[in-house]
1. Return yes when Tyr126 is of a type in the set (Phe, Trp, Tyr) and open to solvent by less than 20 Å² (accessible area, probe 1.4 Å) and no when it is not.
2. Please list, ordered by first then second residue, the pairs with beta carbon atoms under 6 Å, 6 or more apart or interchain, first in segment 23-47 and more than 15 Å from Leu62 (Cβ to Cβ) and hydrophobic (A, V, I, L, M, F, W, C), second open to solvent by less than 70 Å² (accessible area, probe 1.4 Å) and in a loop (DSSP other than H, G, I, E, B).
3. Pick from segment 39-49 the residues that are open to solvent by 40 Å² or more (accessible area, probe 1.4 Å) and not small (Gly, Ala, Ser): which of them is modelled with the lowest pLDDT?
4. Which pairs have Cβ atoms under 7 Å, sit 6 or more apart or on different chains, and link a residue in segment 125-138 that is farther than 14 Å from Ala115 by Cα to one that is of a type in the set (S, T, N, Q)?
5. Which of the residues spanning segment 60-69 are under 17 Å from Leu131 (Cα atoms) and either open to solvent by 10 Å² or more (accessible area, probe 1.4 Å) or at pLDDT below 95 (or both)?
6. Where in segment 35-129 are there strands (runs of 3 or more DSSP E), lying wholly inside it, with at least 1 residues that are under 20 Å from Pro24 (Cα atoms)?
7. Identify all residues within segment 42-61 that are in contact with a Ser or Thr (Cβ under 8 Å, 6 or more places away or on another chain) and either among the acidic types (Asp, Glu) or under 22 Å from Gly110 (Cβ atoms) (or both); write none if there are none.
8. With respect to Thr72, is the statement that it is loosely packed, with under 13 Cβ neighbours inside 10 Å and under 13 Å from Phe135 (Cα atoms) true?
Amino acid sequence: MTEQPLNPQPTTAESVSLGEATLPTRERLPDTRRSITHKFKISGHEGYITVGFFADGRPGELFFKIAKEGSTLLGLADTIGVLSSIALQYGVSVETLVHKFENVKFEPSGWTSNADIRHAHSIVDYVFRWLGLQFAADARSTKVPEAKP
């Protein structure tokens, strides 16, 4: 009996079709892109959210950094940022991500320095609620938003 490879012919997302349906394709960001960075504080924990944009102004990547270096929370933040970036590049809407991740509850949680989001159930809750306020369809414009004072 000979072993069959799990994927005998490498394929790209562009070339794979399943009858009438095709697999989604990943839209990569340009090498040089605009971005916006937002500083936040939740119950004494500081962090930064950075959103990179496609040429047309749509969010295409998300990074968030938490001041506690080396913590499990930092690893979780990096992982969620990468997964969110890949989702955005495959066409998942900001609204879908916000709907799935807002109100996630774990520590640290508490009062924030943001007048629009007074209390966060977690850092993930804060990040995705902030994304919704900035980039949801009813709040989004076709250009990169100006920094708010």
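The values are calculated or read from the model by the stated rules, or taken from the named source; none is laboratory data. Keep in mind that what you see is a predicted model, and the values were worked out from it rather than measured. Glycine also receives a Cβ, built like all others from the backbone with ideal geometry; neighbour counts cover every protein chain displayed. Heads up: the accessible areas ignore ligands, DNA and RNA and are worked out on the full protein's heavy atoms, side chains in. Shrake-Rupley method; radii C 1.70, N 1.55, O 1.52, S 1.80 Å.
1. So Tyr126 passes the test.
2. These pairs meet every condition: Leu23/Ala13; Leu23/Val16; Ile42/Pro108.
3. Of everything passing the filter in segment 39-49, His45 is modelled with the lowest pLDDT.
4. Asp125/Asn103
5. Correct list: Glu61, Phe63, Phe64, Lys65, Ile66.
6. Result: 45-53, 59-66.
7. Matches in segment 42-61: Ile42, Ser43, Tyr48, Ile49, Asp56, Glu61.
8. For Thr72, the condition - loosely packed, with under 13 Cβ neighbours inside 10 Å and under 13 Å from Phe135 (Cα atoms) - is not met.
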